[in-house]
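A.B. asks: Here's a structure for you.
Each value in this text was obtained by applying a stated rule to the coordinates, not by laboratory testing. The structure presented is a predicted model; accordingly, all values stated were derived computationally and were not measured. All Cβ positions, glycine included, derive from the backbone under ideal geometry; neighbour counts span all protein chains shown.
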Amino acid sequence: MSGQEREWPLWEVFVRGKRGLNHVHVGSLHAADDEMALRHARDVYTRRGEGVSIWVVPSAAVTASSPDEKDPLFAPAGDKVYRHPTFYDVPEGVPHL
Amino acid sequence: MSEIPVESPWAFGAAPDPEDVLAGVDTRVPEGVGPVALAELCLALGDDALVLAHRLSEWCSNAPDLEDDIALANVALDLLGQARLLLARAAAADPGLVDRLVPDLPEGSPAPPEDALAFFRDPDAWRCTRFVEVDNGDFAQTTARLAVFATVRLAAFARLVEHPDPVLSAVAAKAVKELAYHRDHAGRWFLVLAQGTAESRRRLLEGLAALWPLHEELARAYDVDGARAEAEVVLDQLLAVSGVERPEVAAYDGPRHTDGLTRLLAEMQSVARAHPLGVW
């Protein structure tokens, strides 16, 4: 590739599997537009029959937390054990809990 | 080679028997269907798929982007799967076919019929159209070829689903979904290249013009039950939305096969021919 060529924008890919309840982030890829991103996602990430539904999202649209903020954001939750619902008895046979 | 156990089916997906692609299928030819004509039809359809699959596989590691590399390889694998089923169907329908077309199959060859037809048959016994034989050209020409090919083949296979032979009908039903994706994928790229930059448009138009002399043969070969009329309508829609005129060039009038096929087969068959008793 010559230096003057611009790369295609990056897209984040989410796939819902046959038995999955939600779309799961599986990776990213380059594509010229949203329709091509969907098709590339189909070709790159569902080759082995993994998926029944695909979302693609422009990576630029994702706002991510910074690793520098890790402590202020997440450390305060570390010592609040009472927020975990570990004091309930879970009835048997309740799925997806 | 032969010491490697072949029971591992990983390369063949979930096929019940990796050695026999038609295992468990009733391959008797139904009454009213001519076995030789059926075999010739399946052979022609299979040869086109196999040759274009090989051409597309030449893009492996060479496509403009990793994403397109994988996309073209996927299409190639779909076509390879169609080819295997169709060549196996041809050989099962007409038991004399392999002996006639592959007279110099090595003594004791363990190759199943579809492999004998693919890897030990000389170029003049192939039934493919010249449209799939010629070199890829650049990415734009490859896109133009795939868009036209998938359009023409999809129209024909949509009709072959109703074919009285249940095996061919089942192969067509599977292939229709694959070809619909190929047409969609290549059609989108066709539009993008036609409406992209001056350079992408120039390359697409040149690629299409280079292929067009071979279009007439392709269109005739796939004119099953009026499929051609539908294929031409779809093609005109693609050209119209892309702002591309049908090239004004005369149909190619030359030898039945191109030198491209000879070179392609020399490469594709070289390993099998070098190890005639190999088991894969």
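A.B. asks: Can you find a residue that is more than 14 Å from chain B (Cβ to nearest Cβ), under 18 Å from the mean Cα position of the chain (by Cα) and closer than 30 Å to B:Leu193 by Cα anywhere in the range A:66-75?
C.D. replies: There is no residue in the range A:66-75 that is more than 14 Å from chain B (Cβ to nearest Cβ), under 18 Å from the mean Cα position of the chain (by Cα) and closer than 30 Å to B:Leu193 by Cα.
A.B. asks: Follow-up. Taking into account only those residues within the range B:82-102 that are free of Cβ contacts under 8 Å to residues at least 24 places away in the same chain and assigned to a helix (DSSP H, G or I), which is nearest to B:Ser169 (Cα to Cα)?
C.D. replies: Once the filter is applied, the top-ranked residue is B:Val98.
A.B. asks: Still on this structure, I have one more. Select from the range B:195-224 the residues that are more than 18 Å from B:Glu133 (Cβ to Cβ) and more than 19 Å from the chain's Cα centre (by Cα) and list them in ascending order.
C.D. replies: B:Gln195, B:Gly196, B:Thr197, B:Ala198, B:Glu199, B:Ser200, B:Arg201, B:Arg202, B:Arg203, B:Leu204, B:Leu205, B:Glu206
A.B. asks: Related question: Would you tally the residues in the range A:33-74 being of a type outside the set (A, V, I, L, M, F, W, C) and farther than 20 Å from A:Gly20 by Cα?
C.D. replies: Residues flagged as of a type outside the set (A, V, I, L, M, F, W, C) and farther than 20 Å from A:Gly20 by Cα within the range A:33-74 amount to 16.
A.B. asks: Same structure again: (1) within 14 Å of another protein chain (Cβ to nearest Cβ); (2) touching a helix residue (DSSP H, G or I) at 6+ places or on another chain (Cβ under 7 Å): which one isn't true of B:Leu66, the others all being true?
C.D. replies: Going through (1) within 14 Å of another protein chain (Cβ to nearest Cβ); (2) touching a helix residue (DSSP H, G or I) at 6+ places or on another chain (Cβ under 7 Å) one by one, B:Leu66 breaks only (2).
A.B. asks: Out of the range B:234-248, which residues are surrounded by fewer than 15 Cβ atoms within 10 Å (Cβ to Cβ) and over 25 Å from the mean Cα position of the chain (by Cα)?
C.D. replies: B:Ala240, B:Val241, B:Gly243, B:Glu245, B:Glu248
A.B. asks: Consider the range A:25-65. How many of its residues are within 9 Å of chain B (Cβ to nearest Cβ), part of a strand (DSSP E or B) and either of a type in the set (Ser, Thr, Tyr) or surrounded by 19 or more Cβ atoms within 10 Å (Cβ to Cβ) (or both)?
C.D. replies: Qualifying residue count for the region: 1.
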